[in-house]
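Following: one structure in structure tokens, then a few remarks.
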Amino acid sequence: MTKRYLDYLDQLEAEAIHIMREVAGQFQKPALLFSGGKDSITLVRLAEKAFRPGKFPFPLVHIDTGHNFPEAIKYRDELAEKLGEKLVVRHVEDTIKKQNLSEPVGRYASRNGLQTYTLLETIEEFGFDCCIGGARRDEEKARAKERIFSVRDEFGQWDPKRQRPELWNIYNGRIAQGENVRAFPISNWTELDVWNYIKRENITLPNIYFTHERECLVRDGKLMATSDFIYREPEDEVVTRKVRFRTVGDMTCTAAVESVAYDIDSVIAEILDSKISERGATRIDDKLTETAMEDRKKGGYF
Amino acid sequence: MDILRFITAGSVDDGKSTLIGRLLFDTKQIYLDQLEAIESSGRVNEDGEMDLSLLTDGLKAEREQGITIDVAYKYFTTPKRKFIIADAPGHIQYTRNMVTGASNSNLSIILVDARNGVQEQTRRHSIISSLLGIPHLVICINKMDLVGFDESVYNQIVEDYKQFSKKLTSKDITFIPVSALKGDNIVDRSTAMPWYDGPSLLEHLEQVPVSQDFNLEDSRFPVQYVIRPHTHEHHDYRGYAGKVISGIYRKGDKVVVLPSGQTSTIKSVELGGKELEEAFAPQSVVLQLEDDVDISRGDVIVKQEEELDVTKEFEALVCWMNAKALKPGAKLLLRHNSTETRAVIREIQYKVDVNTLDRIEDVDQVQLNDICRVQVRTATPLLVDPYLKNRSNGGFILIDETSFTTVGAGMVAIVSHESELNYMI
């Protein structure tokens, strides 16, 4: 009997490419949501595999809270330049002014939640019918139940009880006027799979993913990078530590972890050894209530 | 390292969530913060052990009601394999969720409560696994601790199950006595059951052969997207992007494009702009052909030697997934790989009793969670295979024409070769 063997990373890659091409084939106006984090950087590499030597059939879209790590923004611009692909950036700052939204205040103030408004505005502005995102099911329990093609209503809302059954690798992207779809090609990847793929593909990442000395505030036992945007009280303890970021999001809600991991191999070793989950270690926003992610998704979040 | 995708079916009472929790916990996939979240929720069982089922019940409504309402996906890795678990609820009204989870699985874990033996639910989950073409079944006889780890209890259940399983298409069936709660035979072999000399559940999951589950015999390459760069460097480039859903493709292979019937030869097999020696299932690649043929999304590239035909008529098993009943004459959208076409359900032949596999004749409509055998006719010709011969080319979904929701999952049973198209050729 004929025998062939496909390594797990090749299988995951093949599945993700297939999903991206289904998006390209089924939708009129797709977009790829790009944050400058490792998951969306992985999506970009997968898009190259899916569509080269052609152009991407979608622009990269970044919803910029204005509170991002400068390193991630620099990386974003350089990558779009190098790829020769279109980059659309829309700013939470502008949405706040336009819609007269209240800027969150207080100890946990973050514009992370406001991104939803800007995202929905951007979807409307360009008429995007599908947004590709880098969410993974291993990240969080609400995400564990979301479909690969996740239909959102015109308010961007996710209704977990009304999800479409999703069978084999057949994705139903049919939508009514005003609805849109979020497509998640790396749903079945874990944090470690992403890192192993980055290693195999020799992908360069923003340097904040690796160890560096940084001035941080100690908040609820977590290290938050000091910046002009973070709420600060006089008695807040400020320390300088060797840290890296395990996820890269908004500076106000993404914590650093103490680390001496200086390259991909040492990061992988560190994750294998870690006793805390990725979002548990780094995300302030998930900690606020037990169902924080579920609630945000229902409200139109990624 | 490869991937094993498996489904766990069963209700909370069978200890299914506990079993998954145990697999994740004992393979160290659970992190401290997730454990703390369980501890702080204060749920422990009567022995004061942590309620590991909380790890899998994700949504607010589920935690409030203590039930699982939807398929949840969980992941763990050992040095030998990456595992993807589709965790499906076991209540009868959730057949559709089990069908969904089973569609992508190569192995099914079916839990039997040692105190109750083979129940209606055991049979139902086995039958659905079998109908969905899952090649490997593992029957975990759970709660062995509650029957004193008694070998005769285990043997009786195995005997009963074997009697029943003769009618299933899944032929690789493995029995393992376990206690998910205590961890016996889950990761490590139990010391409480020296009479059992087989592998633990995890050992079995690590070694069950899955690479042969991909069909490498029948070449099927549905085109998803056509790559035309229109650049100076790639002026005449035309690449057909798709996934090899079965078979193997090499440069120089003589191919036919269906449904048009045009022929050509493969000029190159590529991935990410680099040429490959060959592509095989389940790789996603780009094919270039020697001749300038008209190909678009939904066409299928197959090898000439296979003498294939497209059809507009076939019989199929359909699992109905919508609250609105299915009636003969229903018009729906049918999506098969990258093709979408209109379809009509010409006749409902019979319903399948998922507890016994018996046929229920004379049905005039099909309700949510029913599985039935139907005659389908499509508006455009399709290249379909019988599902049990080629899982990746025999499944399709049915979509409501106005709400666009997925209302049915279909598995081709018999392909009719009496179609008009045949007469034309």
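It is to be established whether one or more residues within the stretch A:224-237 are open to solvent by 30 Å² or more (accessible area, probe 1.4 Å), at pLDDT 75 or above and under 29 Å from B:TYR75 (Cα atoms). Scanning the stretch A:224-237, I find no residue that is open to solvent by 30 Å² or more (accessible area, probe 1.4 Å), at pLDDT 75 or above and under 29 Å from B:TYR75 (Cα atoms), so the answer is no.
Out of all the residues in the stretch B:283-294, which are modelled with pLDDT of 95 or more and open to solvent by less than 40 Å² (accessible area, probe 1.4 Å)? Walk me through how you get there before you give the answer.
If we filter the stretch B:283-294 for residues that are modelled with pLDDT of 95 or more, which is where we start, we get B:283-290.
Correct list: B:GLN283, B:SER284, B:VAL285, B:VAL286, B:LEU287, B:GLN288, B:LEU289.
Scanning the stretch A:238-247 for residues being basic (Lys, Arg) and crowded, with 17+ Cβ neighbours inside 10 Å gives a total of 2.
Yes/no matrix, rows are residues, columns are (1) open to solvent by less than 10 Å² (accessible area, probe 1.4 Å); (2) hydroxyl-bearing (Ser, Thr, Tyr); (3) within 21 Å of the chain's Cα centre (by Cα):
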position	(1), (2), (3)
A:ARG90	no, no, yes
A:GLN99	no, no, no
A:GLN163	no, no, no
A:ASN180	yes, no, yes
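In the stretch A:248-275, what residues are more than 14 Å from chain B (Cβ to nearest Cβ) and surrounded by 17 or more Cβ atoms within 10 Å (Cβ to Cβ)? The answer is A:VAL248, A:GLY249, A:ASP250, A:MET251, A:THR252, A:CYS253, A:THR254, A:ALA256, A:SER259, A:ALA261, A:ILE264, A:VAL267. With respect to the conditions (1) exposed (fewer than 15 other Cβ atoms within 10 Å of the Cβ); (2) at pLDDT below 95, B:ALA379 lacks only one, and its number is (2).
Do we find a residue being in contact with a Cys (Cβ under 6 Å, 6 or more places away or on another chain) and not charged (D, E, K, R) anywhere in the stretch A:192-204? Walk me through how you get there before you give the answer.
At the first step, the residues of the stretch A:192-204 found to be in contact with a Cys (Cβ under 6 Å, 6 or more places away or on another chain) are none.
No, the stretch A:192-204 has no match at all.
Taking residues in the stretch A:183-200 that are within 11 Å of chain B (Cβ to nearest Cβ), and partners anywhere that are among the aromatic types (Phe, Trp, Tyr) and assigned to a strand (DSSP E or B), the pairs with Cβ atoms closer than 8 Å and at least 6 places apart or on different chains are A:SER187/B:TYR73; A:ASN188/B:TYR73; A:ASN188/B:TYR75; A:THR190/B:TYR75. When each of B:ASP218, B:ASP236 is tested for being touching a residue at least 12 places away in the same chain (Cβ under 8 Å) and either open to solvent by 10 Å² or more (accessible area, probe 1.4 Å) or touching a helix residue (DSSP H, G or I) at 6+ places or on another chain (Cβ under 9 Å) (or both), the lone residue that passes is B:ASP218. Residue check: A:ASP129 meets all listed conditions (1) crowded, with 23+ Cβ neighbours inside 10 Å; (2) farther than 30 Å from B:TYR94 by Cβ but one, namely (1). Being more than 15 Å from B:THR174 (Cβ to Cβ) and in contact with a strand residue (DSSP E or B) (Cβ under 8 Å, 6 or more places away or on another chain) is the filter; apply it to the stretch B:106-121 and report the residue that is surrounded by the fewest Cβ atoms within 10 Å (Cβ to Cβ). So the residue we want is B:GLN119.
Total residues in the stretch B:290-311 satisfying the condition of being under 25 Å from B:LEU388 (Cα atoms), out of contact with any helix residue (DSSP H, G or I) (no Cβ under 9 Å at 6 or more places or on another chain) and in a loop (DSSP other than H, G, I, E, B): the figure is 3. Counting only strands (runs of 3 or more DSSP E) that sit completely within the stretch B:72-113, those holding 3 or more residues that are under 18 Å from B:VAL210 (Cβ atoms) and within 11 Å of chain A (Cβ to nearest Cβ) correspond to B:72-77, B:81-87. Against the conditions (1) under 23 Å from the mean Cα position of the chain (by Cα); (2) farther than 30 Å from A:LYS49 by Cβ, B:GLN349 satisfies every one except (1). Tallying residues that are open to solvent by 10 Å² or more (accessible area, probe 1.4 Å), more than 7 Å from every other protein chain (Cβ to nearest Cβ) and in contact with a Leu (Cβ under 9 Å, 6 or more places away or on another chain) within the stretch A:4-39 yields 1. Of all residues in the stretch A:1-42, those that are of a type in the set (Ser, Thr, Tyr) and in a helix (DSSP H, G or I) total 3. Checked against (1) within 14 Å of chain A (Cβ to nearest Cβ); (2) surrounded by 16 or more Cβ atoms within 10 Å (Cβ to Cβ); (3) modelled with pLDDT of 95 or more, B:ILE345 passes all but condition (1). For the stretch B:301-342, a residue qualifies if it is over 22 Å from B:THR95 (Cβ atoms), open to solvent by 20 Å² or more (accessible area, probe 1.4 Å) and hydrophobic (A, V, I, L, M, F, W, C), and exactly one does: B:LEU308.
The values are calculated or read from the model by the stated rules, or taken from the named source; none is laboratory data. Since this is a predicted model, take the numbers as computed values, not measurements. All Cβ positions, even for glycine, are placed from backbone atoms using ideal geometry, and neighbour counts span all protein chains on display. The area values use the complete protein model at the heavy-atom level, side chains included, leaving out ligands, DNA and RNA. Shrake-Rupley method; radii C 1.70, N 1.55, O 1.52, S 1.80 Å.
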